[in-house]
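Q: Supplied in structure tokens, the structure appears directly below.
The values are calculated or read from the model by the stated rules, or taken from the named source; none is laboratory data. Nothing here was measured: the structure is a model prediction, and the numbers come from that model. Using ideal geometry, Cβ is built from the backbone for each residue, glycine included, and neighbour counts are taken over all protein chains shown.
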Amino acid sequence: MAEYLFDNTAAQSPDRFSALETCYDHVTQDNLMRLGVGVGWNCLEVGGGGGSLGTWLADAVGPTGSVLLTDIAPKMAPGRERENLTVERHDIVNDDLPEASFDLIHSRLVLLHLPERQQVLERLVTALKPGGWLVLEEFDCEWTPVLDAPNAAARDLFNKVHGAVLQLLSEAGADVAWGRNVQAAMTKAGLADVSSTTYAESWSGGSTGTSLHRVNTEQVAAQLLDAGITQDSLQEFWTLLDDPSFVVNSYPLITARARRQA
């Protein structure tokens, strides 16, 4: 497996988890509620991060249900423990999963980072019960237009630095446009009732959303400097992310859902 660019053990990880939870947990929860997740379901949360969604699922399925949260480096935030929630260190590329075991498998922003994403998708399908649901939520990182900026130079600066981040992701094995390919991949894997929805909003400078760009670029600052982004440009970029006159489209979150054939 290629090395994950945004290592979960890095100092910036808690801030990344917090930003993602604030910006997208309400979207994920709404999608899963509309799917019908409820009492008694047996669920797998792949790449559970700080544990917010695993805890939410555990509460949703109640004491007769169960949730297995896996991550290559689990970092559950305090207070998110539940009796029906099990947290395990697990490499989704190489470690085994039980077959035909889950009513729901959910993963957010995991497969886009994995060169083996199609192989992992097929393994997740095998782990579903017949009739069980697979829900994959992924970004289309290439569609993040600047919606407003103090000047043309600021717009160019964002596109230059963000473009360099996407290049680093691609070099690490990620598919930065994976979100737009998930539905077709699910169909190819033999799943039924395949559909998807997309969520996006505007992020103004100083918001939680733009803080995600900051923590990501802070974590890979050394690689960005090696790629030719200057320290001055990075400083200007971070200042821009705090400017309320700067507005950028959020990463579109594409939620694809499908059912294993009964």
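Q: Which of the residues belonging to the stretch 16-45 are of a type in the set (D, E, K, R), farther than 15 Å from T255 by Cα and in contact (Cβ under 8 Å) with a residue 40 or more places away in the chain?
A: Once the filter is applied, which keeps residues that are of a type in the set (D, E, K, R), farther than 15 Å from T255 by Cα and in contact (Cβ under 8 Å) with a residue 40 or more places away in the chain, the stretch 16-45 yields only R16.
Q: Then there is this: Those residues that are of a type in the set (A, V, I, L, M, F, W, C), buried (at least 19 other Cβ atoms within 10 Å of the Cβ), part of a helix (DSSP H, G or I) and more than 13 Å from the chain's Cα centre (by Cα), I need them from the stretch 15-55; list them, please.
A: If we filter the stretch 15-55 for residues that are of a type in the set (A, V, I, L, M, F, W, C), which is where we start, we get 17, 19-20, 23, 27, 32-33, 35, 37, 39, 41, 43-44, 46, 53.
Filter once more, so that each one left must be buried (at least 19 other Cβ atoms within 10 Å of the Cβ): 17, 19-20, 23, 32, 37, 41, 43-44, 46, 53.
Checking which are part of a helix (DSSP H, G or I) leaves us with 17, 19-20, 23, 32, 53.
Scanning the stretch 15-55 gives a single hit, L32.
Q: Being hydroxyl-bearing (S, T, Y) and part of a strand (DSSP E or B) is the requirement here; does S195 meet it?
A: yes
Q: Also: If you go through the stretch 127-146 one residue at a time, how many are surrounded by fewer than 14 Cβ atoms within 10 Å (Cβ to Cβ) and not in a loop (DSSP other than H, G, I, E, B)?
A: Qualifying residue count for the region: 2.
Q: Across the stretch 74-89, what is the number of residues that are modelled with pLDDT under 90 and more than 20 Å from the chain's Cα centre (by Cα)?
A: Total meeting the criteria: 2.
Q: Go through the stretch 66-86 and count every residue that is surrounded by 20 or more Cβ atoms within 10 Å (Cβ to Cβ) and closer than 19 Å to R16 by Cβ.
A: 3
Residue-wise test of (1) at pLDDT 95 or above; (2) out of contact with any Gly (no Cβ under 8 Å at 6 or more places or on another chain); (3) in a helix (DSSP H, G or I); (4) not aliphatic (A, V, I, L, M).
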{"position": "R155", "(1), (2), (3), (4)": "yes, yes, yes, yes"}
{"position": "V176", "(1), (2), (3), (4)": "yes, yes, no, no"}
{"position": "G190", "(1), (2), (3), (4)": "yes, yes, no, yes"}
{"position": "W203", "(1), (2), (3), (4)": "yes, no, no, yes"}
{"position": "G206", "(1), (2), (3), (4)": "yes, yes, no, yes"}
{"position": "T210", "(1), (2), (3), (4)": "yes, yes, yes, yes"}
